[in-house]
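Only one structure is covered here, and it is reproduced in the block below.
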Amino acid sequence: MRGLPVVLVVLLLLPGPVAWASCQVEREIAGEPGLFVRHFSPDCSKPERAAQAVQAAEVLQALKAGMGVSIRNAVVSGDLLLTQLPAVPVASVTLPDSVRAGLAQSRVMEVRVIRGLFSIRDSVVDGILDTQLKPDMVEHRILGDRVVIQGPVAFRGTTFTKTVDLSRTIFLGPVESDQAVFLGEALFLSCIFDQKATFEKTAFAGNTRYYQTVFHEPVTFLRAGFNGLTNFLSVTFRKESSFSRAYFKLGTGFSGSTFEGISDFSEALFEKNAFFSHAVFAADTYFRRAVFRGEVNFSDADFKAKDDFAKVFYQQEPNFTRARFANPRSSVGFENPVLLAIVAGALAVFLIAFIVILKKS
């Protein structure tokens with residue numbers, strides 16, 4: 001190092017890349033001793049975040065210690081298997097009466113608990129997040145484990161590169177998953193959302209399943225994109241639900257679901273088949289300007305309040321066999337190609353008849 005400037009020699013001897021000096025990482029928040037914190041400053045570059053990745057093992061250890069988690073602008077590396085959390089008796093967990101009654105009915109005696117905030121925002125999760133997979137399992141299946149998250153959940157702006165399976169999770173706090181990206185499967189089977197949930201502008205790249213899930217408070221999927229097979233079968237929406245301007249690329253199922261609050265599918269786009277058979281719409285429902293490019297099936301659906309199908313576009317004739325309506329049917333609109341074909345045929349017949357009459361005259 002002879003002849004090198006003193007400042008450069010000092011920099012060369014400093015541990016780690018010099019560029020990290022601008023990448024600040026907040027590891028604690030005043031007054032929040034029970035919170036695992038990893039907040040990376042916006043100045044951190046992608047290589048810096050990757051080099052200082054938060055290990056899933058660290059997060060799991062914090063959860064086992066009863067801590068909440070707050071991660072921001074980070075990379076989370078490794079699989080986060082929530083099956084490794086210790087199980088505790090249901091009686092030891094504070095739960096709403098309705099949730100406790102449901103667990104008793106299903107004979108669930110133990111649950112795994114996340115006791116505080118569970119927030120991974122504006123980050124990249126480079127591993128599996130799972131409530132049903134154990135390290136020694138060779139294949140994925142539903143174990144029946146119940147996880148209770150007592151605090152708010154925030155995934156806003158986060159990209160999950162692999163499967164996210166939060167099946168059988170009870171979310172006692174609000175869930176904020178706006179603008180998140182799920183590159184693998186997103187599984188929310190038999191979940192309970194006890195507070196408001198938002199998935200606005202969220203991208204679901206793989207198959208998505210919310211089978212038999214219950215939303216006790218309003219939920220929105222406004223402008224969400226579903227690029228895989230989408231399953232909302234037998235889902236219960238206790239309050240308002242919005243799928244307005246949502247995009248469904250492959251087959252989509254809402255059959256057997258119950259919409260107890262206002263449901264909004266206005267301007268939603270269904271590229272392939274969509275099924276709403278045996279669905280119950282107990283409150284007003286809106287499909288205004290929705291687009292159905294594949295088969296659409298509302299057979300045996302029950303519309304107990306106002307239904308708005310004005311200006312809906314159907315590529316194929318819709319199936320409303322045995323569907324029940326509280327009010328006279330709304331107009332399906334002249335955008336319907338089946339209706340247009342009927343009108344065009346009738347006009348053609350009329351025109352031919354008119355020409356024949358003129359010739360006889």
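FYI, it's all coordinate maths here, none of it is from the lab. Keep in mind that what you see is a predicted model, and the values were worked out from it rather than measured. Because the Cβ atoms are built from the backbone with ideal geometry, glycine has one as well, and the counts that use them run over all protein chains shown.
Couple of notes before you dig in:
- Modelled label positions at Q84 and R107, each set 7 Å beyond Cα in the direction of Cβ, lie 3.1 nm from each other.
- Residues C44, C191, sorted so that the one with the fewest Cβ neighbours within 10 Å comes first: C44, C191
- In terms of its C-alpha gyration tensor, region 1-196 comes out prolate, because a/c is 1.5 or above and the ratio a/b outweighs b/c.
- Rounded, prolate or oblate (a/c below 1.5 giving rounded, otherwise prolate when a/b exceeds b/c) for region 186-301 by Cα gyration tensor: rounded
- 20 Å tail of the calculated P(r), region 133-254, as % of Cα pairs: 38 percent
- The aspartates and glutamates whose alpha-carbon is closer than 18 Å to the alpha-carbon of K304, local same-chain residues fewer than 8 away aside, are E240, E260, D264, D284.
- 20 Å Cα-Cα reach of K306 towards lysines, excluding residues that sit fewer than 8 places from it in its own chain: K239
- The mean of 1/r over all distinct Cα pairs in region 71-142, once inverted, gives the Kirkwood hydrodynamic radius of 14.5 Å.
- For peptides 32-43, 155-166, sequence by mean Cβ density within 10 Å, most packed first: 155-166, 32-43
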